[in-house]
Amino acid sequence: MTGTAAVGELEQALDDIACEMATRTDRGNVATYIPQLGRINAGAFGIAVATHDGQVLTAGDAELTFSIQSISKVFTLTLALGSIGDQLWRRVGREPSGNPFNSIIQLEHENGIPRNPFINAGAIVLADVLLGGHEPREAIGEILRFVQFLTDDDTITIDAAVAASERATGFRNFALANYMKSFGNLHHAPEHSLGVYFHHCAIAMNCRQLALAGRFLANGGTNPATGFSVISAERARRIAALMLTCGHYDGSGDFAFRVGIPGKSGVGGGILGVVPGIASMAVWSPGLNENGNSKLGSIALEMLAKRMNWSIFAP
Ligand code: DON
């Protein structure tokens, strides 16, 4: 993204989209199965884009923090690959599940190996990898520091009330963890792996911070602001490929069809999207569609990608 004309066009697009989203009345439903998330006002909408040449453009409620939930799985996948490399793929698959994010049905047929790292079962295995013999609080601290490092912002924190709310009601996640433990695919006590999982899902960020955190994925593994390599270009491409194929659960095909870029959603209503070589972006609107992905967030990214011709399939 270079030139003032292109930046002006992007700025105008973000403002137009935020205005349009403010008028929408059908905003989806806020997740209530984690009681603390059910308290969020569905009226919010924020969007931020961090371009590869260091600009950050925002519109709407881009400075309000929200629970990033499953978007955190992009960061734990990055760390788990850094920790054990391709051995990870012995414990987690790389195929879309075609099932809801908290489904247990494939696990029995597939011997406790989750379909991909972004469904809950897969992310609980990632948390188990990151425990690596440490205390849960050390692994949680490592994940939080990684996100702070990516954004160069140590004000980012974990919302302890959200983590506690999820633990208190996370019966399905306990079922998934215990089931995988029975197959030998968790190496630590399920409650410890889940402790890490619940806490990284409860990281609170705003759209601006999230867009900044995704820059390395849009820029061949390197943070464009510092020039520091976070991961190899090949690994960045592979994580982005998994975001495209699995990042929206049983709505992944539809998101790829409509938006055409790698993205990762969370039940807090956020979506992180990356346009390789151009920008990373974050959108937040708490109301969810039937697949548990942000309803207006998906629509906004579809509008933005179309207007800027940002599909990865565009010539
Ligand atoms: O485990 C859960 O249910 C939540 N912590 C995360 C789920 C989630 O964000 C699914 N995303 N759309």
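The values are calculated or read from the model by the stated rules, or taken from the named source; none is laboratory data. Every value quoted in this text rests on a predicted model; they were computed, and no experiment measured them. Reconstructed Cβ throughout: ideal geometry from the backbone, glycine too, with neighbour counts over all protein chains shown.
Observations
- Any chance L14 is assigned to a helix (DSSP H, G or I), at pLDDT 95 or above and in contact with a helix residue (DSSP H, G or I) (Cβ under 7 Å, 6 or more places away or on another chain): no
- Where V74 falls short, out of the listed (1) under 17 Å from the mean Cα position of the chain (by Cα); (2) within 12 Å of the ligand (Cβ to nearest atom); (3) not in a helix (DSSP H, G or I): (3)
- When region 34-60 is filtered for residues that are within 15 Å of P286 (Cα to Cα) and in a loop (DSSP other than H, G, I, E, B), the ones remaining, listed by number, are I34, P35, Q36, I40, N41, A42, G43, A44, F45.
- Counting only residues that are polar (S, T, N, Q), in contact with a Ser or Thr (Cβ under 9 Å, 6 or more places away or on another chain) and closer than 19 Å to T151 by Cα, region 216-274 holds 5 of them.
- All positions within region 111-136 that are within 16 Å of the chain's Cα centre (by Cα) and in a loop (DSSP other than H, G, I, E, B): N116, P117, F118, I119
- All conditions but one from (1) among the charged types (D, E, K, R); (2) under 23 Å from I231 (Cα atoms); (3) buried (at least 19 other Cβ atoms within 10 Å of the Cβ) apply to R115; the one that does not is (2).
- Selection status of A31, crowded, with 20+ Cβ neighbours inside 10 Å, within 16 Å of the ligand (Cβ to nearest atom) and part of a loop (DSSP other than H, G, I, E, B): yes
- Spans of helices (runs of 4 or more DSSP H) in region 227-315 with at least 1 residues over 23 Å from F101 (Cβ atoms) and either within 16 Å of the ligand (Cβ to nearest atom) or hydrophobic (A, V, I, L, M, F, W, C) (or both): 233-246, 295-308
- Close pairs from region 38-52: first modelled with pLDDT under 95, partner among the basic types (K, R), Cβ under 8 Å, at least 6 apart: A42/R27; H52/R215
- Only a single item in (1) among the hydrophobic types (A, V, I, L, M, F, W, C); (2) under 22 Å from F183 (Cα atoms); (3) more than 16 Å from the ligand (Cβ to nearest atom) is not met by F101, and it is number (3).
- Output for region 228-264, where each listed residue is among the polar types (S, T, N, Q) and over 18 Å from E95 (Cβ atoms): S229, S232
- Inside region 215-243, residues that are surrounded by fewer than 24 Cβ atoms within 10 Å (Cβ to Cβ) and within 30 Å of R39 (Cα to Cα) make up a count of 0.
- Among the criteria (1) part of a helix (DSSP H, G or I); (2) of a type outside the set (S, T, Y); (3) under 24 Å from G268 (Cα atoms), the one E108 does not fulfil is (3).
Conditions (1) farther than 20 Å from D153 by Cβ; (2) within 16 Å of the ligand (Cβ to nearest atom); (3) crowded, with 24+ Cβ neighbours inside 10 Å, marked per residue:
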site: G46; (1), (2), (3): no, no, yes
site: A50; (1), (2), (3): no, no, yes
site: T58; (1), (2), (3): no, no, no
site: F66; (1), (2), (3): no, yes, yes
site: L81; (1), (2), (3): yes, no, no
site: G85; (1), (2), (3): yes, no, no
site: W89; (1), (2), (3): yes, no, no
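- Of all residues in region 182-197, those that are within 15 Å of N120 (Cβ to Cβ) have Cβ atoms under 8 Å from Cβ atoms of residues that are among the aromatic types (F, W, Y) and surrounded by 14 or more Cβ atoms within 10 Å (Cβ to Cβ), 6 or more apart or on another chain, in P190/F174; L194/F174.
- In region 268-315, the qualifying residues are those that are β-branched (V, I, T) and crowded, with 23+ Cβ neighbours inside 10 Å, and the one that is nearest to Y197 (Cα to Cα) is I271.
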